[in-house]
1. Can you name every residue in region 175-196 that is hydrophobic (A, V, I, L, M, F, W, C) and in contact (Cβ under 8 Å) with a residue 40 or more places away in the chain?
2. Read through the list (1) within 15 Å of ILE375 (Cβ to Cβ); (2) at pLDDT 95 or above; (3) not in a strand (DSSP E or B), then give the number of the only condition that ASP411 fails.
3. Answer with yes or no whether GLY171 is over 24 Å from the mean Cα position of the chain (by Cα) and open to solvent by less than 30 Å² (accessible area, probe 1.4 Å).
4. Go through (1) within 17 Å of PHE275 (Cβ to Cβ); (2) among the β-branched types (Val, Ile, Thr); (3) touching a Pro at 6+ places or on another chain (Cβ under 9 Å) and name the single condition VAL170 misses.
5. Within region 129-136, is there a residue that is aliphatic (A, V, I, L, M) and touching a Lys or Arg at 6+ places or on another chain (Cβ under 6 Å)?
6. Could you list, ordered by first residue, the pairs with Cβ atoms under 8 Å in which the first is in region 531-542 and more than 23 Å from VAL514 (Cα to Cα) and the second is open to solvent by less than 50 Å² (accessible area, probe 1.4 Å) and in a loop (DSSP other than H, G, I, E, B), at least 6 apart or interchain?
7. Go through region 78-122 and report how many residues are over 30 Å from GLY512 (Cα atoms) and more than 17 Å from the chain's Cα centre (by Cα).
8. Mind telling me which of the residues ASP306, ASP379 ends up being touching a Ser or Thr at 6+ places or on another chain (Cβ under 9 Å) and of a type outside the set (Gly, Ala, Ser)?
Amino acid sequence: MNTASLTRRQALQVSALAVAGLATPALAQTAASPRRKPIRIAALYFVHETVTFLSYDTTYDDFIYEGSPARGEALLKIDPKGYMGGFTKVAREYEGVEIVGIESPLFPKTGTASGWITEEAYSKFSAKMMEELRGLGPFDAVYMALHGAMGVRGVDEPEVDLARRVREIVGPNAFIAGTFDPHGNEDDRFLRYANFAFCTKYYPHYDTYLQGMQAARALVRAVRGDFKPVSATRKVPIVTPTVLQWTGKTPWMDLVQRCLVWEAREPDVYVNFFFGFPWSDVSDLGMCFQVITNGDPELANHIAADMAASAWRLREALVNSTTVHTIADGVGLAKEALATGKHPVVLADHSDRSGAATWLLGQVIEQDLSDTLIITVADRLLIEKLRKDGVKVGDAFDHLVGGRLDESAGDPVRVVGTVNTVTGGMHAQGSTSSARSGQLWVSVKFGKNNVLVISPYLVQVTEPEPITSLGINPDDFKVIAIKSRVHFRRGFDDNGYAQSIFIVEPPEAFLGTVKLEGLPYQNFDLSKVYPFAKDLQYTPEA
């Protein structure tokens, strides 16, 4: 029972019980406390991981499909196990808190990553957001679900731009919080306009829901005067490929643990560890630590300097933490693992950022690897042709698959076999891309018990269970060949599923390579960061 729900008669009854010594402390306290002032929080969503080296842009139409953009309750329900879900759940546990979902674009149809967002797309969506924010206000706080590696043509640091525009609308007294992916390329500029940032710590991304929860608590406390946020930031001159950044082992695990130790040691401390996202050619590329405290700038600076110094001491280990094989060698190692009974095997092509790459498929065919599920090769044009032809299970299949998009995707590979399944994609939880309305996925059986799954866009399969929604049992295969950097470890490694794991990429410095020096950066100078700089000196100031 709370003050808002007590009638005058009930309040008198509580007072009488208190005098008689029969009322519980909680009930008596509730009856005596004044009603809290209502809090209005606006919620926005603009999440994109931009691979600026891709040859195609992400357009306005890519964000338009059934359910996107979303607003109101539909927006608040889009991510029940992620940032938005955690934020909404906790914010609504507080009395008198109202959340207003501002119309926002959801993740684009292009899948888990795509090229530069066009200026037109960004301008239209951000303008609509600001229009609604102004029209539906005033607001005491704003929650922004972001990524940190969004790239927009003509807009430097779009997440910062959004925070600046939100601040101009809500004024200096409202509080702003953002949640971020650890692969954000961040610095101190976002927190010049926002009060809080909460970054996922684990890779794979296990704690997105928790970061949303923290954002909700912090905003409510700040509005009620219980949290006075101050921050400190350290940009560390280290740039690494994402495939190296697995937090399940040393040294990345050690840095995450140190963040958690600081949060455990000091009340009201939040430590963000941005690993950086090298596939975005942007000015703020690279590693960053942010620390937010409750009114203690000295402590924030001390912790930020400590985290930066810790990372710098570990720099050599950070860039040598994962073994990467050529695709040809990886397929050969998979054959050896099958011969010695060390299966299931996971072959993870971490470097394919478009989803259309055929290098792994080609080697499976060339080396006559058997019992292999290849999931997936992206080929939107072929999918549309098969749809037009009325593809069905049992049809003969003889088509060139994949490639075409750019040099990194390779040439199309001819696959001859039989159509195995025709579905709308993976519906179950566990994949970074769930089925979208109107999509078509086709699988083809070929060779010695091999199955190729063709999707219209890049897919990272992170767990075996969702595969069954395609009508395919992953246990029927000894090798699972996927396009994934680290996300797959949540379902194929952390639980002991795979007996052998081989991370692979082509020998050339194609898009997605660990050989970052081979990529055509124009907005960022790799020669000024480790491990590319010679004799680089760095000392984070306390």
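1. Matches in region 175-196: PHE175, ALA177, PHE180, LEU191, ALA194, PHE196.
2. ASP411 satisfies all of (1) within 15 Å of ILE375 (Cβ to Cβ); (2) at pLDDT 95 or above; (3) not in a strand (DSSP E or B) except (1).
3. Yes; evaluated as a whole, the condition is true for this residue.
4. (1)
5. yes
6. TYR538/PRO237
7. 16
8. Selected residue: ASP379, the only one of ASP306, ASP379 that is touching a Ser or Thr at 6+ places or on another chain (Cβ under 9 Å) and of a type outside the set (Gly, Ala, Ser).
The values are calculated or read from the model by the stated rules, or taken from the named source; none is laboratory data. This structure is a prediction, so every number in the text was calculated from the model and none was measured. Using ideal geometry, Cβ is built from the backbone for each residue, glycine included, and neighbour counts are taken over all protein chains shown. With ligands, DNA and RNA removed, areas are computed over all heavy atoms of the protein, side chains included. Shrake-Rupley method; radii C 1.70, N 1.55, O 1.52, S 1.80 Å.
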